[in-house]
Every structure is written in C-alpha cells, then in structure tokens.
1. Using each residue's phi in the stretch 94-108, evaluate 6.51 cos²θ - 1.76 cosθ + 1.60 at θ = phi - 60° and report the 3J(HN,Hα) Karplus result to the nearest Hz, with x for Gly and Pro.
2. What's the extension gain from residue 235 to residue 211 if we count 0.36 nm per residue and subtract their Cα-Cα distance?
3. What FRET efficiency do you get for residue 169 and residue 79 if R0 is 30 Å and r is their Cβ-Cβ distance, rounded to the nearest 0.05?
4. Could you tell me which trypsin sites (Lys or Arg not before Pro) in the stretch 138-180 are loop residues by DSSP with no more than 14 other beta carbons within 10 angstrom of their beta carbon?
5. Could you list which residues have their amide H under 5 Å from that of residue 122, counting only those 5 or more apart in sequence or on another chain, with H placed in the peptide plane?
6. Can you give the Rg and Dmax of the stretch 108-255 based on its C-alpha atoms, in angstrom?
7. Multiplying the sequence separation of residue 119 and residue 225 by 0.36 nm and subtracting their Cα-Cα distance, what value in nm do you get?
8. If we count every other residue with Cβ under 9 angstrom of residue 83's Cβ, Lys/Arg +1 and Asp/Glu -1, where does the sum land?
Amino acid sequence: RVLRKNPSFAFAAIGTLALSIGANTAIFSVVHAALLKPLPYPDPQELVAVSLSVPSLQSRFPTISFRPTDFEEFRRSNRVFSELAAIRERNFTLTGGGDPERLYGARVSANLFPLLGVQPALGRTFLPEEDVPGRERVVVISHDLWSRRLSGDPDVINSLLSLDGLPHLVVGVMPRGFLFPTGKQLHPQIELGPRVDIWRPAAFSQDELQDGLIGFNWGVVGRLMPGTSPDVARANLDVIARTIAEQLRAEVPSL
C-alpha cells in the first residue's frame, strides 16, 4: 500500500543493470541493493531497469538510454531475460467529447504489461502484431482517464479516440492505481509526464532503427529468468555488450 501511494519511490526500487562500453571490454553488473524493496508486481526481485554506460562519457552522462537497434539486439540475443520491454514518452492531444486536452502518454513494447504481470481492468493489452508500423493505432488508457474524461463508460472497449487528429482504437483500461514510472524515474534522459494517461505500441519505424548515434532515447525494463545468478547474467550479457561496443566503436572510434 505504501508503494502504491508513492510510485516514485516504488519504481526507483526496481533493480538496475548497467552496460559499460569501454575501449577493451563491455560488462553488465547487477546492483542488488536496489532489489530489497518489494514491488506490487509478481516476483519483483526479477525486475530490472537496463541502461548503457560509456566510460568516455561518464563525466557528463553516468548512464545513457537505449537505441531501438540495441534494444532489438538484446531482446533477440539474451539468454537471461524472460522478457525485455522498451518505453518512451509520447504525448497526445485528445479531441472530441469536450475541450481538447493534452494527454501524457508512452510508447511501449507490446509485451510490457505481461512482463510486469499486470492485467487490465477492462479489455486487453497489446498484441504482438500491433507492435509494427501501420498497426499501432491502438491504445490502452488509464483508469483515471476512463473515469474522468469518458465517464467510466463500460462500453469504451473498441471505441475510437481522436488523438492528434487520428482515430485510435481503445483496447484496454488499466486498473485503478496501476504503477508506472513518471518524470525521470525510469532514466535521467527519459522524461515521462507527471502521470501516464495513455499507452500505445512502440512500433519502431525503419528510421528509428537506423537513427545511429541520435537514437538513445528509450528506457528498457526486463524480467530476469527465475533463479538467474549475477554471474550467469553477466556472462551472457557481456557477449551482447561486446557486439554493441564493436558496432559503436565502428561508428565513433573515439568511444
């Protein structure tokens, strides 16, 4: 109950994995101290936030967020996470049914809600096939937005919301009090709103996947496989880290 009343404290309690990309090595480390506080999700000790750390940039940026291409590499190649999900801010303007309203939102991997172990109060969360360009105009909304703007309409599922002038299909409503990061809780470089009203699939575009060195703007949350030890996690993730380090050094030899 305390964590639900203080989401900032609660999400800060999620563990961290830091990827260091140095001149000769790239290493993940698991910070156990951050895992001591219980979270209102199943098996919270398995939840971690993941960030990159580049030694030559640490004086200005102790850690940096992910590029979509790096996230896809981790999701494809790792053997220690049961799930990895990406998160980025994405705000919308809601029109129709009242005055226009600016909504605080997020683009998220379709698997984020199952990763956290949270079920919607109404409807469903995202399908994998909706997490692709051209299929992403579906949304999950917060309980607060549903109650406040949509009058708690029980028939809201499969209705349309006009967001930025485009119709979006409502597929789910999250439970009252659902915990989600706000502000810079997830990562210092990623600033979500003071609340999250609405979620839409990440659906990385080809441009985002080819952003090079300007695409470090995604937070990543993962669930470690049950019983995964720090040494096992480190050994597996170091292999992926080296691959990314080589790619980055090819693009920026000074790293």
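Every number in this text was worked out from the coordinates using simple rules, so none of it is lab data. Keep in mind the model is a prediction, meaning the values are calculated, not measured. Reconstructed Cβ throughout: ideal geometry from the backbone, glycine too, with neighbour counts over all protein chains shown.
1. Each residue of the stretch 94-108 in turn: 8, 10, x, x, x, 5, x, 9, 7, 9, 7, x, 8, 8, 9 Hz.
2. Gain in length upon complete extension: 5.8 nm.
3. 0.25
4. Of the trypsin sites (Lys or Arg not before Pro), the ones in loops of the stretch 138-180 whose Cβ has at most 14 other Cβ atoms within 10 Å are 176.
5. Placed amide hydrogens put 173 under 5 Å from residue 122.
6. 18.3, 57
7. Answer, rounded to one decimal: 36.1 nm.
8. Working: positive: 75, 223; negative: none.
So the surrounding residues net to +2.
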